[in-house]
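The structure appears below as structure tokens.
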Amino acid sequence: MEQRWANTWRLTINEKQFIEEALRSEIRVDGRRLYDYRRLTIKFGREDGSSEVQLGETHVMAFVTGQLMQPYRDRPNEGTLAIFTEFSPMADPSFEPGRPGEAAIELGRVIDRGLRESRAVDMESLCVVAGKSVWAIRVDLHIIDNGGNLIDAANIAALAALSTFRRPECSVGGDDSQEIIVHDPEVRDPIPLTIHHFPIAVTFAFFHEGNTLVMDPHYKEEAVSGVRMTVTVNSNGDVCAIQKAGGEGIVSGDVMRCLRIASLKASEMTTKIKEAVETYNAEVALKKVKRHPSLIAQKITVPDVEMKEASFQKTKKLNADMENSPNQTSTSLTITKDRDANASIGRPLNWDPYSSSAPAIVSSSTLPELVGTSKESNEDQMMQRDEEYDPSLKNDQIASATGVSSEFHQQNSPPKSLKDAVKPKHKRKKNAERGAR
């Protein structure tokens with residue numbers, strides 16, 4: 001192979017001998033054991049059907065596209081699947097641009113045989129109109145960096161890209177029911193491919209005439225190895241394909257041992273691919289969720305409470321008096337509280353206690369005057385109520401205002417009952433106190 005010849009040319013004789021002697025002691029140049037895989041990383045692009053796989057130093061990208069085309073005559077009800085590889089000179093100096101070389105052709109055939117010949121993808125689900133139009137799926141593999149074992153990395157990249165690819169939904173219409181309508185992804189959700197199983201490619205390299213076997217060879221190990229074999233199996237242990245490269249032969253016992261190791265590794269790789277795809281689908285579904293704009297909060301205006309300078313000075317004076325005379329503090333607070341309670345009755349809910357109409361807070365020096373004034377005002381209010389409810393006083397006031405005697409009102413007024421003739425006890429008491437004054 002071109003790739004193996006180039007790596008051989010870069011390696012010196014001392015490096016080859018060192019690698020061979022290390023493998024005899026079951027030691028690999030990168031510190032791994034014989035059947036250990038390098039670290040695997042699977043990433044996905046912004047669009048569906050794109051993946052990026054990094055296996056150690058090997059870096060591969062895969063893109064899946066689809067288009068409608070006429071099917072083959074021998075299979076009118078099945079779509080098609082094709083694998084195309086592109087080796088960039090940036091990945092390896094032995095890769096030349098232009099026409100694909102032997103390494104590129106071998107890579108494409110091994111992956112195509114494992115996917116298409118094993119019927120991993122349901123081809124019949126790609127049919128739109130039998131014999132007229134089917135979906136043709138194309139997988140493009142781009143080698144970004146060659147660190148060894150390109151087949152395994154490219155196979156995982158192809159499976160990951162196929163798992164996230166979505167083709168547009170099609171319907172048949174028209175007068176003759178032969179017109180194909182491709183719906184926009186915004187109108188109808190695209191349809192994923194039907195994948196029955198995941199064929200995993202596992203590559204082995206043989207050293208010392210088949211006595212030493214390693215899995216996932218490094219590019220330096222590939223340069224030293226004389227024989228390489230790729231086994232493609234799924235998680236169920238079904239053998240999908242086998243590819244051998246190199247002139248040396250392999251005994252049947254080594255082949256069976258490779259199959260047993262590959263079946264165990266296939267289950268592990270399948271789990272990693274499915275977990276990565278599920279994570280990607282969850283992120284895509286979260287982005288498609290339509291989020292309603294948040295409700296605009298209503299602006300609530302609260303009137304600013306400003307304390308007048310006079311009220312502030314009075315409050316400050318009251319606090320000073322409370323510190324000087326603690327005995328009078330309780331009395332002043334009680335009277336002020338009662339006055340505030342009486343004054344707040346019947347006021348609106350938005351009454352401002354610090355406005356100019358609010359009663360000012362008084363000091364303890366004015367308590368005697370306040371008590372006397374409050375008593376006189378209460379008595380005046382009681383007398384006024386008695387006069388309002390006393391019919392005799394009411395008639396006298398009407399007579400003085402209109403010039404008509406109270407007898408005239410008594411004649412025209414309805415006859416009094418016994419209850420009306422007898423004054424209540426509290427009214428007699430109030431009238432007696434008024435006469436004493």
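Annotations
- All positions within segment 85-113 that are under 44 Å from the mean Cα position of the chain (by Cα) and either of a type in the set (D, E, K, R) or within 16 Å of residue 159 (Cβ to Cβ) (or both): 85, 86, 92, 106, 107, 108, 109, 110, 111, 112, 113
- Residues of segment 155-182 classified as farther than 30 Å from residue 113 by Cα and not β-branched (Val, Ile, Thr), total: 8
- Residue in segment 202-212 that is open to solvent by 40 Å² or more (accessible area, probe 1.4 Å), among the hydrophobic types (A, V, I, L, M, F, W, C) and closer than 24 Å to residue 158 by Cβ present: no
For every residue, the table says whether it meets (1) at pLDDT below 90; (2) surrounded by 23 or more Cβ atoms within 10 Å (Cβ to Cβ); (3) within 33 Å of the chain's Cα centre (by Cα).
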position	(1), (2), (3)
115	no, yes, no
122	no, no, no
130	yes, no, no
133	no, no, no
139	no, yes, yes
150	no, yes, no
155	no, yes, yes
161	no, yes, yes
170	yes, no, yes
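- Test: residue in segment 212-224 that is modelled with pLDDT of 90 or more, assigned to a loop (DSSP other than H, G, I, E, B) and touching a Leu at 6+ places or on another chain (Cβ under 8 Å): yes
- Residue in segment 98-108 that is in contact (Cβ under 8 Å) with a residue 60 or more places away in the chain, under 23 Å from residue 262 (Cα atoms) and buried (at least 17 other Cβ atoms within 10 Å of the Cβ) present: yes
- Options 160, 205; residue that is closer than 24 Å to residue 54 by Cβ, outside any strand (DSSP E or B) and of a type in the set (Gly, Ala, Ser): 160
- The listed residue being open to solvent by less than 10 Å² (accessible area, probe 1.4 Å) and of a type in the set (D, E, K, R), out of 175, 189, 216, 145: 216
- Qualifying residue in segment 210-233 (condition: within 23 Å of residue 50 (Cα to Cα) and of a type in the set (A, V, I, L, M)): no
- Where residue 241 falls short, out of the listed (1) outside any helix (DSSP H, G or I); (2) at pLDDT below 90; (3) closer than 30 Å to residue 107 by Cα: (2)
- The residues in segment 79-115 that are among the basic types (Lys, Arg), under 29 Å from residue 129 (Cα atoms) and in a loop (DSSP other than H, G, I, E, B) can be counted, and the count is 0.
- In this structure, residue 251 does satisfy being more than 19 Å from residue 118 (Cα to Cα) and hydrophobic (A, V, I, L, M, F, W, C).
- When residue 54 is tested against (1) of a type outside the set (Gly, Ala, Ser); (2) open to solvent by less than 60 Å² (accessible area, probe 1.4 Å); (3) touching a residue at least 60 places away in the same chain (Cβ under 8 Å), just one condition goes unmet, and that condition is (2).
- Search result, residues across segment 214-233 that are closer than 7 Å to residue 204 by Cα, hydrophobic (A, V, I, L, M, F, W, C) and under 41 Å from the mean Cα position of the chain (by Cα): 215
- Restricting the first member to segment 195-210 and to residues that are without any contact (Cβ under 8 Å) to a residue 60 or more places away in the chain and of a type outside the set (Asp, Glu), and the second to residues that are assigned to a loop (DSSP other than H, G, I, E, B) and open to solvent by less than 30 Å² (accessible area, probe 1.4 Å), the beta-carbon pairs closer than 8 Å and six or more apart or on different chains are 203/149; 203/216; 203/217; 204/217; 205/217; 205/225; 206/225.
- Which numbered condition residue 48 misses (of (1) more than 26 Å from residue 129 (Cα to Cα); (2) within 44 Å of the chain's Cα centre (by Cα); (3) surrounded by 14 or more Cβ atoms within 10 Å (Cβ to Cβ); (4) among the charged types (D, E, K, R)): (1)
- Qualifying residue in segment 266-274 (condition: of a type in the set (A, V, I, L, M) and farther than 22 Å from residue 159 by Cα): no
- Matching residues in segment 9-45 - criterion: being under 30 Å from residue 287 (Cβ atoms), without any contact (Cβ under 8 Å) to a residue 40 or more places away in the chain and open to solvent by less than 50 Å² (accessible area, probe 1.4 Å): 41, 45
- Subset of segment 116-140 (residues that are assigned to a helix (DSSP H, G or I), among the charged types (D, E, K, R) and in contact with a strand residue (DSSP E or B) (Cβ under 8 Å, 6 or more places away or on another chain)): 116, 117
- Cross-chain or 6+ apart pairs with Cβ under 8 Å, segment 262-291 first and within 17 Å of residue 47 (Cβ to Cβ), then among the aliphatic types (A, V, I, L, M): 276/42; 276/160; 277/160
The values are calculated or read from the model by the stated rules, or taken from the named source; none is laboratory data. All figures in this text were calculated on a predicted structure; none of them were measured in a lab. Note that we place each Cβ from the backbone using ideal geometry, even for glycine, and neighbour counts take in every protein chain shown. Note: accessible area is taken over every heavy atom of the protein model, side chains too, but ligands, DNA and RNA are not part of it. Shrake-Rupley method; radii C 1.70, N 1.55, O 1.52, S 1.80 Å.
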